[in-house]
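Accompanying notes for the structure given below.
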Amino acid sequence: MSVLRVGTRGSELAMAQCAALAKRFAGEVELVPITTKGDTDRSSLSQLGGTGVFVSALRDALLDGTVDVAVHSLKDLPTGEAEGIELAAVAKREDSRDALVARDGLRFAELPEGARVGTGSPRRAAQLRVARPDLEIVDIRGNVPTRIARALGDAETGEGADLDAVVLALAGLNRLGLERHATDLLDLIDFPTAPGQGALAVEIRAGDAAARKAVAKADHASTRAAADAERRVLAGLEAGCAAPLAAHAEVADGMLFLTATAYATDGSKRLSASHAYTLDGTSAAELAEAAADVAERAVAELMEAGAAELIADAR
(Lines give C-alpha, C1' and ligand atoms only; values in the text may rest on other atoms or scores of the structure.)
Protein backbone atom coordinates (compact mmCIF):
# COMPACT_ATOMS: atom_id res chain seq x y z
CA MET A 1 0.00 0.00 0.00
CA SER A 2 1.29 3.48 -0.83
CA VAL A 3 0.02 5.25 2.32
CA LEU A 4 -0.96 3.56 5.58
CA ARG A 5 -4.10 5.30 6.87
CA VAL A 6 -4.07 5.14 10.65
CA GLY A 7 -7.29 5.83 12.53
CA THR A 8 -7.26 7.33 16.00
CA ARG A 9 -9.50 9.33 18.27
CA GLY A 10 -9.19 13.04 17.56
CA SER A 11 -8.29 14.21 21.07
CA GLU A 12 -4.95 15.92 21.61
CA LEU A 13 -3.71 12.95 23.65
CA ALA A 14 -4.88 10.32 21.16
CA MET A 15 -3.31 12.18 18.24
CA ALA A 16 -0.03 12.69 20.11
CA GLN A 17 0.34 9.07 21.19
CA CYS A 18 -0.67 7.80 17.75
CA ALA A 19 1.83 10.10 16.01
CA ALA A 20 4.62 8.84 18.25
CA LEU A 21 3.67 5.20 17.70
CA ALA A 22 3.29 5.64 13.93
CA LYS A 23 7.01 6.41 13.67
CA ARG A 24 7.50 2.67 14.14
CA PHE A 25 5.25 1.79 11.24
CA ALA A 26 6.80 1.05 7.86
CA GLY A 27 6.26 3.43 4.93
CA GLU A 28 4.30 6.65 4.64
CA VAL A 29 1.59 7.20 7.26
CA GLU A 30 -1.53 9.38 7.31
CA LEU A 31 -3.33 9.96 10.63
CA VAL A 32 -7.12 9.94 10.32
CA PRO A 33 -9.01 11.37 13.36
CA ILE A 34 -12.28 9.56 14.16
CA THR A 35 -14.93 10.83 16.59
CA THR A 36 -16.21 8.17 19.01
CA LYS A 37 -19.28 8.04 21.24
CA GLY A 38 -17.06 8.53 24.27
CA ASP A 39 -15.83 11.82 22.79
CA THR A 40 -19.29 13.30 22.29
CA ASP A 41 -21.33 11.87 25.19
CA ARG A 42 -20.35 13.64 28.41
CA SER A 43 -22.10 11.14 30.69
CA SER A 44 -19.97 9.47 33.34
CA LEU A 45 -18.14 6.32 32.30
CA SER A 46 -20.23 4.27 34.70
CA GLN A 47 -23.40 5.48 32.95
CA LEU A 48 -21.93 4.91 29.49
CA GLY A 49 -20.94 1.41 30.50
CA GLY A 50 -17.38 1.90 29.29
CA THR A 51 -17.22 -1.08 26.93
CA GLY A 52 -16.49 0.01 23.40
CA VAL A 53 -17.49 3.66 23.71
CA PHE A 54 -14.04 4.83 22.59
CA VAL A 55 -13.53 1.95 20.15
CA SER A 56 -16.61 1.14 18.05
CA ALA A 57 -16.35 4.05 15.61
CA LEU A 58 -12.68 3.27 14.95
CA ARG A 59 -13.48 -0.37 14.30
CA ASP A 60 -16.30 0.64 11.93
CA ALA A 61 -13.85 2.83 10.00
CA LEU A 62 -11.43 -0.08 9.82
CA LEU A 63 -14.04 -2.52 8.55
CA ASP A 64 -15.48 -0.16 5.94
CA GLY A 65 -12.03 0.63 4.54
CA THR A 66 -11.80 4.26 5.69
CA VAL A 67 -8.57 3.38 7.52
CA ASP A 68 -6.07 0.51 7.31
CA VAL A 69 -5.07 0.53 10.97
CA ALA A 70 -6.82 1.57 14.18
CA VAL A 71 -4.85 2.66 17.26
CA HIS A 72 -6.50 2.49 20.68
CA SER A 73 -5.54 2.96 24.29
CA LEU A 74 -5.49 -0.71 25.25
CA LYS A 75 -7.46 -0.11 28.43
CA ASP A 76 -10.42 1.03 26.27
CA LEU A 77 -10.46 -2.15 24.17
CA PRO A 78 -13.26 -4.67 24.89
CA THR A 79 -11.97 -8.13 25.76
CA GLY A 80 -14.23 -10.05 23.37
CA GLU A 81 -13.14 -10.87 19.83
CA ALA A 82 -14.32 -8.51 17.10
CA GLU A 83 -15.34 -10.23 13.89
CA GLY A 84 -13.12 -9.33 10.96
CA ILE A 85 -10.52 -7.58 13.14
CA GLU A 86 -7.07 -8.69 14.28
CA LEU A 87 -4.91 -7.36 17.11
CA ALA A 88 -1.70 -6.90 15.16
CA ALA A 89 0.49 -5.23 17.77
CA VAL A 90 0.64 -4.14 21.40
CA ALA A 91 3.18 -1.35 21.79
CA LYS A 92 5.70 -1.19 24.64
CA ARG A 93 3.98 0.07 27.74
CA GLU A 94 4.74 3.49 29.20
CA ASP A 95 4.92 3.93 32.99
CA SER A 96 1.48 2.63 33.93
CA ARG A 97 1.12 4.40 37.28
CA ASP A 98 -1.51 6.99 38.09
CA ALA A 99 -0.44 10.52 38.95
CA LEU A 100 -1.90 13.10 41.31
CA VAL A 101 -2.15 16.69 40.09
CA ALA A 102 -2.90 18.84 43.13
CA ARG A 103 -3.03 22.50 44.07
CA ASP A 104 -0.05 23.99 45.89
CA GLY A 105 2.15 21.01 44.97
CA LEU A 106 0.43 18.76 47.50
CA ARG A 107 1.28 15.06 47.68
CA PHE A 108 -1.51 12.55 48.28
CA ALA A 109 -0.84 12.20 52.01
CA GLU A 110 -0.82 15.99 52.34
CA LEU A 111 -4.31 16.57 50.94
CA PRO A 112 -6.42 18.17 53.66
CA GLU A 113 -9.33 16.31 55.21
CA GLY A 114 -12.39 16.57 52.98
CA ALA A 115 -10.35 17.56 49.91
CA ARG A 116 -12.24 17.38 46.61
CA VAL A 117 -10.52 14.97 44.21
CA GLY A 118 -11.71 14.50 40.63
CA THR A 119 -11.65 11.32 38.54
CA GLY A 120 -13.84 9.77 35.86
CA SER A 121 -12.75 6.23 36.72
CA PRO A 122 -14.81 4.01 39.06
CA ARG A 123 -11.61 2.08 39.84
CA ARG A 124 -9.72 5.21 40.89
CA ALA A 125 -12.71 6.45 42.88
CA ALA A 126 -12.87 3.17 44.82
CA GLN A 127 -9.12 3.19 45.46
CA LEU A 128 -9.22 6.77 46.72
CA ARG A 129 -12.05 5.86 49.09
CA VAL A 130 -10.08 2.87 50.39
CA ALA A 131 -6.97 4.96 51.01
CA ARG A 132 -8.68 8.14 52.26
CA PRO A 133 -12.34 7.74 53.29
CA ASP A 134 -12.38 11.44 54.24
CA LEU A 135 -11.96 12.65 50.66
CA GLU A 136 -14.85 13.91 48.53
CA ILE A 137 -14.64 12.14 45.17
CA VAL A 138 -15.99 14.17 42.24
CA ASP A 139 -16.91 12.50 38.93
CA ILE A 140 -15.33 14.41 36.03
CA ARG A 141 -14.93 14.09 32.26
CA GLY A 142 -12.94 16.06 29.72
CA ASN A 143 -9.52 16.04 28.09
CA VAL A 144 -6.29 16.09 30.07
CA PRO A 145 -5.68 19.89 30.06
CA THR A 146 -9.30 20.49 31.10
CA ARG A 147 -8.94 18.10 34.03
CA ILE A 148 -5.65 19.65 35.10
CA ALA A 149 -7.29 23.07 35.07
CA ARG A 150 -9.98 21.80 37.45
CA ALA A 151 -7.20 21.49 40.08
CA LEU A 152 -4.70 24.16 39.08
CA GLY A 153 -6.90 26.76 37.40
CA ASP A 154 -6.01 28.79 34.34
CA ALA A 155 -2.36 28.40 33.37
CA GLU A 156 -1.77 32.17 33.48
CA THR A 157 -4.12 33.44 36.18
CA GLY A 158 -4.71 30.34 38.34
CA GLU A 159 -8.40 31.17 38.35
CA GLY A 160 -11.19 28.66 37.75
CA ALA A 161 -10.03 25.74 39.89
CA ASP A 162 -12.87 24.00 41.71
CA LEU A 163 -11.06 20.88 42.91
CA ASP A 164 -8.11 20.25 45.20
CA ALA A 165 -6.68 17.53 42.96
CA VAL A 166 -7.32 15.21 40.03
CA VAL A 167 -5.96 11.74 39.31
CA LEU A 168 -4.73 10.99 35.78
CA ALA A 169 -2.68 8.35 33.99
CA LEU A 170 1.00 9.29 34.08
CA ALA A 171 1.40 7.89 30.56
CA GLY A 172 -1.03 10.48 29.22
CA LEU A 173 0.79 13.31 30.96
CA ASN A 174 4.09 12.07 29.56
CA ARG A 175 2.75 11.81 26.01
CA LEU A 176 1.47 15.38 26.15
CA GLY A 177 4.59 16.76 27.81
CA LEU A 178 2.56 17.72 30.90
CA GLU A 179 4.29 15.48 33.46
CA ARG A 180 5.60 18.59 35.24
CA HIS A 181 2.11 19.05 36.68
CA ALA A 182 2.22 15.74 38.59
CA THR A 183 2.66 16.42 42.30
CA ASP A 184 2.73 12.76 43.34
CA LEU A 185 2.96 9.34 41.71
CA LEU A 186 0.64 6.71 43.17
CA ASP A 187 2.33 3.38 43.88
CA LEU A 188 1.13 0.18 42.23
CA ILE A 189 0.66 -1.59 45.57
CA ASP A 190 -2.13 0.66 46.84
CA PHE A 191 -3.20 2.01 43.44
CA PRO A 192 -2.87 -0.81 40.87
CA THR A 193 -4.01 0.34 37.46
CA ALA A 194 -6.62 -0.64 34.88
CA PRO A 195 -5.95 -3.65 32.65
CA GLY A 196 -3.85 -2.44 29.73
CA GLN A 197 -3.18 1.03 31.14
CA GLY A 198 -0.17 2.72 29.54
CA ALA A 199 -0.15 0.46 26.46
CA LEU A 200 -1.45 1.05 22.94
CA ALA A 201 -3.26 -1.52 20.79
CA VAL A 202 -2.96 -1.67 17.00
CA GLU A 203 -5.82 -3.36 15.11
CA ILE A 204 -6.04 -4.26 11.43
CA ARG A 205 -8.57 -6.01 9.22
CA ALA A 206 -8.21 -9.77 9.64
CA GLY A 207 -6.01 -11.21 6.93
CA ASP A 208 -4.52 -7.87 5.81
CA ALA A 209 -0.95 -9.06 5.39
CA ALA A 210 0.32 -5.69 4.12
CA ALA A 211 -0.98 -3.81 7.16
CA ARG A 212 0.28 -6.53 9.50
CA LYS A 213 3.78 -6.23 8.04
CA ALA A 214 3.66 -2.43 8.22
CA VAL A 215 2.97 -2.38 11.99
CA ALA A 216 4.98 -5.46 13.01
CA LYS A 217 7.89 -3.53 14.52
CA ALA A 218 5.53 -1.83 16.97
CA ASP A 219 4.71 -5.10 18.74
CA HIS A 220 6.38 -5.64 22.13
CA ALA A 221 6.19 -9.27 23.25
CA SER A 222 6.41 -8.85 27.04
CA THR A 223 3.93 -5.96 27.07
CA ARG A 224 1.52 -8.04 24.97
CA ALA A 225 1.83 -10.95 27.42
CA ALA A 226 1.35 -8.77 30.49
CA ALA A 227 -1.63 -6.99 28.98
CA ASP A 228 -3.08 -10.32 27.87
CA ALA A 229 -2.97 -11.57 31.47
CA GLU A 230 -4.62 -8.39 32.74
CA ARG A 231 -7.37 -8.48 30.12
CA ARG A 232 -8.05 -12.17 30.75
CA VAL A 233 -8.88 -11.22 34.34
CA LEU A 234 -11.28 -8.58 33.04
CA ALA A 235 -12.92 -11.14 30.77
CA GLY A 236 -12.96 -13.90 33.36
CA LEU A 237 -14.76 -11.72 35.88
CA GLU A 238 -17.09 -10.46 33.13
CA ALA A 239 -16.24 -6.91 34.10
CA GLY A 240 -16.47 -3.99 31.66
CA CYS A 241 -13.81 -1.36 31.08
CA ALA A 242 -15.49 0.90 33.64
CA ALA A 243 -15.64 -1.69 36.45
CA PRO A 244 -13.83 -1.01 39.75
CA LEU A 245 -11.19 -3.58 38.86
CA ALA A 246 -7.41 -3.32 38.70
CA ALA A 247 -4.96 -5.76 37.17
CA HIS A 248 -1.24 -5.27 36.69
CA ALA A 249 1.19 -7.78 35.22
CA GLU A 250 4.82 -7.65 34.17
CA VAL A 251 7.50 -9.90 32.80
CA ALA A 252 10.68 -9.70 34.87
CA ASP A 253 13.45 -11.96 36.16
CA GLY A 254 12.27 -14.90 34.07
CA MET A 255 8.72 -14.78 35.42
CA LEU A 256 5.33 -13.32 34.59
CA PHE A 257 3.75 -11.73 37.66
CA LEU A 258 0.09 -10.72 37.97
CA THR A 259 -1.88 -8.99 40.71
CA ALA A 260 -5.61 -8.37 40.32
CA THR A 261 -7.91 -6.47 42.68
CA ALA A 262 -11.69 -5.94 42.71
CA TYR A 263 -13.26 -3.15 44.76
CA ALA A 264 -16.58 -2.17 46.24
CA THR A 265 -17.44 1.18 44.69
CA ASP A 266 -17.78 2.80 48.13
CA GLY A 267 -14.31 1.63 49.13
CA SER A 268 -15.63 -0.61 51.89
CA LYS A 269 -14.06 -3.80 50.53
CA ARG A 270 -11.33 -4.99 48.22
CA LEU A 271 -10.26 -8.46 47.14
CA SER A 272 -6.81 -9.23 45.70
CA ALA A 273 -5.05 -12.21 44.14
CA SER A 274 -1.41 -12.49 43.04
CA HIS A 275 0.15 -15.26 40.95
CA ALA A 276 3.34 -15.92 39.02
CA TYR A 277 4.51 -18.21 36.23
CA THR A 278 8.14 -19.26 35.74
CA LEU A 279 9.20 -18.90 32.11
CA ASP A 280 11.61 -21.24 30.35
CA GLY A 281 11.90 -18.85 27.41
CA THR A 282 10.20 -15.90 25.77
CA SER A 283 8.51 -17.44 22.75
CA ALA A 284 5.09 -16.07 21.87
CA ALA A 285 3.52 -19.44 22.66
CA GLU A 286 5.03 -19.65 26.14
CA LEU A 287 4.20 -16.05 26.98
CA ALA A 288 0.59 -16.66 25.93
CA GLU A 289 0.47 -19.83 28.04
CA ALA A 290 1.86 -17.93 31.04
CA ALA A 291 -0.69 -15.13 30.67
CA ALA A 292 -3.56 -17.60 30.48
CA ASP A 293 -2.30 -19.56 33.50
CA VAL A 294 -1.84 -16.67 35.93
CA ALA A 295 -5.11 -15.05 34.86
CA GLU A 296 -7.08 -18.28 35.30
CA ARG A 297 -5.71 -18.75 38.82
CA ALA A 298 -6.33 -15.13 39.78
CA VAL A 299 -9.90 -15.21 38.48
CA ALA A 300 -10.64 -18.45 40.34
CA GLU A 301 -9.31 -17.01 43.60
CA LEU A 302 -11.21 -13.75 43.22
CA MET A 303 -14.46 -15.51 42.30
CA GLU A 304 -14.19 -17.76 45.32
CA ALA A 305 -13.69 -14.69 47.51
CA GLY A 306 -16.80 -12.95 46.13
CA ALA A 307 -15.48 -10.62 43.42
CA ALA A 308 -18.46 -11.30 41.15
CA GLU A 309 -20.77 -9.75 43.74
CA LEU A 310 -18.63 -6.61 43.99
CA ILE A 311 -18.66 -6.17 40.22
CA ALA A 312 -22.38 -6.85 39.98
CA ASP A 313 -23.07 -4.26 42.69
CA ALA A 314 -20.99 -1.72 40.76
CA ARG A 315 -23.28 -2.05 37.75
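Is the shape of region 67-223 best called rounded, prolate or oblate, per the rule: a/c under 1.5 gives rounded, else a/b larger than b/c gives prolate, else oblate, with a ≥ b ≥ c the square roots of the Cα gyration tensor eigenvalues?
Verdict is prolate for region 67-223.
Along region 254-261, what does the Karplus equation 6.51 cos²θ - 1.76 cosθ + 1.60 (θ = phi - 60°) give for ³J(HN,Hα), rounded to whole Hz, x for Gly and Pro?
Karplus values, whole Hz, x for Gly and Pro: x, 9, 10, 9, 9, 10, 10, 9.
I'd like the Karplus ³J(HN,Hα) series for region 225-240: coefficients 6.51, -1.76, 1.60, θ = phi - 60°, whole numbers in Hz, and an x wherever there's a Gly or Pro.
For region 225-240, the Karplus curve yields 5, 4, 5, 4, 4, 4, 6, 5, 5, 4, 5, x, 8, 6, 9, x Hz.
Please report the accessible area of S96 (heavy atoms, 1.4 Å probe, ligands and nucleic acids excluded) in Å², nearest 10.
S96 exposes around 10 Å² with every protein chain in place.
Among M255, V32, S268, which residue has its Cα furthest toward the positive end of the charge dipole of the chain, with +1 on Lys/Arg Cβ and -1 on Asp/Glu Cβ?
V32
How would you classify region 76-165 from its alpha-carbon gyration tensor, with a ≥ b ≥ c the square roots of the eigenvalues: rounded for a/c under 1.5, else prolate if a/b is greater than b/c, otherwise oblate? Display every interim value, and only then the final one.
On the way: a/c = 2.47, a/b = 1.82, b/c = 1.36.
It is prolate, given that a/c is not under 1.5 and a/b is the larger ratio.
Grab the other residues whose beta carbon is less than 11 angstrom from that of A284, score K and R as +1, D and E as -1, and report the net.
-3
Taking the Cα centre of region 251-295 as origin, sum charge times position over the Cβ atoms of Lys and Arg (+1) and Asp and Glu (-1), and report the length of that vector in debye to the nearest 20.
Using only the charged Cβ atoms, the result is roughly 320 debye.
As a test, work out the antiparallel percent of DSSP beta bridges whose residues both lie in the chain, rounded to the nearest 5.
Percentage antiparallel, nearest 5: 70.
Whole-Hz ³J(HN,Hα) for each residue in region 136-145, computed from phi via Karplus 6.51 cos²θ - 1.76 cosθ + 1.60 with θ = phi - 60°, x for glycine and proline: what do you get?
9, 8, 10, 6, 9, 10, x, 6, 4, x
Around T193, under 14 Å between beta carbons, what's the net of Lys plus Arg minus Asp minus Glu among the other residues?
Result for the local shell: -2.
Of A291, T278, G240, which is farthest towards the positive pole of region 240-295's charge dipole, taken about the Cα centre with +1 and -1 on the beta-carbons of Lys, Arg and Asp, Glu respectively?
Final value for the positive-end residue is G240.
Add +1 for every Lys or Arg and -1 for every Asp or Glu among the other residues with Cβ under 12 Å from the Cβ of R212, and state the total. Before the final figure, lay out the partial values.
Values: positive: R205, K213, K217; negative: D68, E86, E203, D208, D219.
Local charge sum for R212: -2.
To the nearest 20 Debye, how big is the dipole of region 88-162 about its Cα centre, given +1 on the beta carbon of each Lys and Arg and -1 on that of each Asp and Glu?
Dipole size: approximately 500 debye.
If amide hydrogens are placed 1.01 Å from N in the peptide plane, which non-local residues have theirs closer than 5 Å to the one on R5?
Answer set, sorted by chain and number: E30, D68, V69.
Pairs of lysines 8 or more apart, or on different chains, with alpha carbons under 20 Å: count those in the chain, would you? Numbers along the way, then the final one.
Working: K23/K92; K23/K213; K23/K217; K37/K75; K75/K92; K92/K213; K92/K217.
Lysine pairs satisfying the spacing and distance rule in the chain number 7.
Name the residue from V101, L4, M303 whose Cα lies farthest towards the positive end of the charge dipole of the chain, charges +1 on Cβ of Lys and Arg and -1 on Cβ of Asp and Glu.
The one lying farthest along the dipole's positive direction is L4.
Is the shape of the chain rounded, prolate or oblate, going by the alpha carbon gyration tensor and its root eigenvalues a ≥ b ≥ c, with a/c under 1.5 for rounded and a/b larger than b/c for prolate?
oblate
Taking only C-alpha pairs under 8 Å that are 6+ residues apart, what is the relative contact order of the chain in percent?
Relative contact order here is 21 percent.
Where in the chain is the longest stretch that carries no GluC sites (Glu not before Pro) classed as loop by DSSP and with at most 16 other Cβ atoms within 10 Å?
1-80
Using alpha carbons only, how many angstrom separate the centre of region 157-225 from the centre of region 239-315?
Taking the Cα centre of region 239-315 as reference, the centre of region 157-225 is 19 Å away.
Leaving out ligands, DNA and RNA but keeping every protein chain, what accessible area does D190 have, in Å² rounded to the nearest 10, with a 1.4 Å probe?
Counting only protein heavy atoms, D190 exposes about 70 Å² to solvent.
The values are calculated or read from the model by the stated rules, or taken from the named source; none is laboratory data. On a predicted model such as this, the values are computed, not experimentally measured, just so you know. Please note: Cβ atoms are built from the backbone with ideal geometry, for glycine as well, and neighbour counts cover all protein chains shown. For accessibility, only protein heavy atoms count, side chains too; no ligands or nucleic acids. Shrake-Rupley method; radii C 1.70, N 1.55, O 1.52, S 1.80 Å.
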